[in-house]
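Trainee: One structure follows; several queries about it will come next.
The values are calculated or read from the model by the stated rules, or taken from the named source; none is laboratory data. These figures come from a predicted structure and were not determined experimentally. Here the Cβ is made from the backbone with ideal geometry for all residues, glycine too, and neighbour counts use every protein chain on show.
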Amino acid sequence: MQVVTIVEDEVDLVSPDFMSCFCEALRFYWLLFDSLDESFPRASKERLMLERAHARNMVNLLACDEATERSQRQQKAVDWARRLSHIGLSHSAFSEDVVGDVRALLRRYILI
């Protein structure tokens, strides 16, 4: 058995309609950078690394005319599930150990 894990932001940035894509991107990146502001000190190396990575993603999104030219395809989970089921992959839940590890990592940055 082989396992493929996809970790994707819950955002649809491949819409053919420019305004809906732009509004979705604005909402997503506003929340993302706001959360970085709340989670890290301004001079934090982790924060700078994350800001640079997301800035590259923003340039990729805005600089490409068509979704097919982009180096990333940011879609919502339901779209990924549909796409992956068409090629024969099926959904599998995480084990309790994995869920516990993820929760521990999240507690490091936010209160859950």
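Trainee: Looking at segment 25-55 only, could you name the residues that are more than 22 Å from LEU106 (Cβ to Cβ), modelled with pLDDT of 85 or more and surrounded by 12 or more Cβ atoms within 10 Å (Cβ to Cβ)?
Mentor: Scanning segment 25-55 gives a single hit, ALA55.
Trainee: Another one. Can you tell me which residue in segment 4-19 is nearest to VAL98 (Cα to Cα), limited to those that are surrounded by 12 or more Cβ atoms within 10 Å (Cβ to Cβ) and not aliphatic (A, V, I, L, M)?
Mentor: Taking the candidates together, the pick is GLU8.
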